[in-house]
Structures are given as structure tokens and as C-alpha cells.
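The values are calculated or read from the model by the stated rules, or taken from the named source; none is laboratory data. None of the values given here were measured: they were computed from a predicted structure. Glycine also receives a Cβ, built like all others from the backbone with ideal geometry; neighbour counts cover every protein chain displayed. Areas reflect the complete protein model, heavy atoms only, side chains present, ligands, DNA and RNA absent. Shrake-Rupley method; radii C 1.70, N 1.55, O 1.52, S 1.80 Å.
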Amino acid sequence: MKKLGIIALLSMLCFGLAADITESDLYYVNVKVIRAFTHSKGYYVIYRTSGLETAEAFIPYTWFKPGDKRAILKKASGRIDPYLSLYTKNGEFDHICVVLPVDNPKAPVWGTLRDPARYDSQFDIESISFEY
């Protein structure tokens, strides 16, 4: 009986050590997208912060290319509301996941920019500072 108790204790210790080793420093925050605009350089997104304020994000199209892993675009289907997920690793920007109804240009989330050239310089970025 003592052997069984010792084996169980050792198993729990090993499992605890393995769980500690696999712990990730990758965290994410989800926010609801209020409006999204297509631009020749990327997506301009207005989203809701946790304080019910609005904030904006400029996501260059180059981030969505297969070799660049800073952005992922997923298609919102059915009754899923558009949202953003910002992933940070060790407190620094890692990547962003954008869920939009890309196959439905008439969805209420999509807007049209009146003066797109005004936003050109906003897409020349290397990371996103996110408000939530």
C-alpha cells in the first residue's frame, strides 16, 4: 500500500512539473468590432473597449501574407459578431486575429472611407498598440 502511495505522489509531482514547463506566456484579449473599412493598404477597424469607449486599429494587408504571421483573417459566418483578438507574448504584441464577414460586403459592419488617402500613413506600422 505504501508503494502505491509513493507512486501516486511521484506521478503528481511529475505531472505538476510538466504542466509548469508547458505554461505559455501568450495571452489574448477579444474586443467587438463596430465598423471595418477596406483601404488599399489594409483594414481600418473601429472596436469597442472594455470601458465602452471606441478605439481604432490599422492592420496592413502585408501582415496577412503567408510568411508574415502578425495577422490572421477569419471569415465570420452565421450569427458570429465580428471581433478582434490581440495576442501578446511577454507583454509585447505577437499577432492579431480579425474575424469579419469577408464574403458579405453588405454586412452592417462594413463602411466606406470618404477620404482614403487621409489614412495612408496610418498603415506604415510594425506592431499595434491596443486599447482595451
What does the extension gain come out to for K65 and S77, with contour length at 0.36 nm per residue minus their alpha carbon separation?
2.1 nm
For the pairs K41/K75; K41/K74; K32/K65; K32/K74, note any where the Cα-Cα span goes beyond 22 Å.
K32/K65
Could you give the length gained by full extension between E131 and T49, i.e. 0.36 nm per residue of separation minus their alpha carbon distance, to one decimal place?
28.9 nm
Calculate the dipole size of region 41-82 relative to its Cα centre from +1 charges on Lys and Arg beta carbons and -1 charges on Asp and Glu beta carbons; express the result in debye to the nearest 20.
260
For Q122 and N30, what does the FRET efficiency come to when R0 = 25 Å and r is the distance between their Cβ atoms, rounded to the nearest 0.05?
0.65
Starting from the Kirkwood radius over alpha-carbon pairs of region 39-120, derive D by Stokes-Einstein at 20 °C in a medium of 1.002 mPa s and give it in µm² s⁻¹.
153
Of the GluC sites (Glu not before Pro) in region 19-128, which ones lie in a loop per DSSP and count no more than 13 other C-beta atoms within 10 Å?
E23, E53, E126
If R70, R79, R35 are ordered by their accessible area, calculated over protein heavy atoms with a 1.4 Å probe, which sequence runs from highest to lowest?
R79, R35, R70
W110 label point, 7 Å along Cα→Cβ, cut-off 15 Å on backbone N: hits in region 78-92?
78, 82
If R0 = 25 Å, then S40 and S85, at their Cβ-Cβ distance, give a FRET efficiency to the nearest 0.05 of 0.50
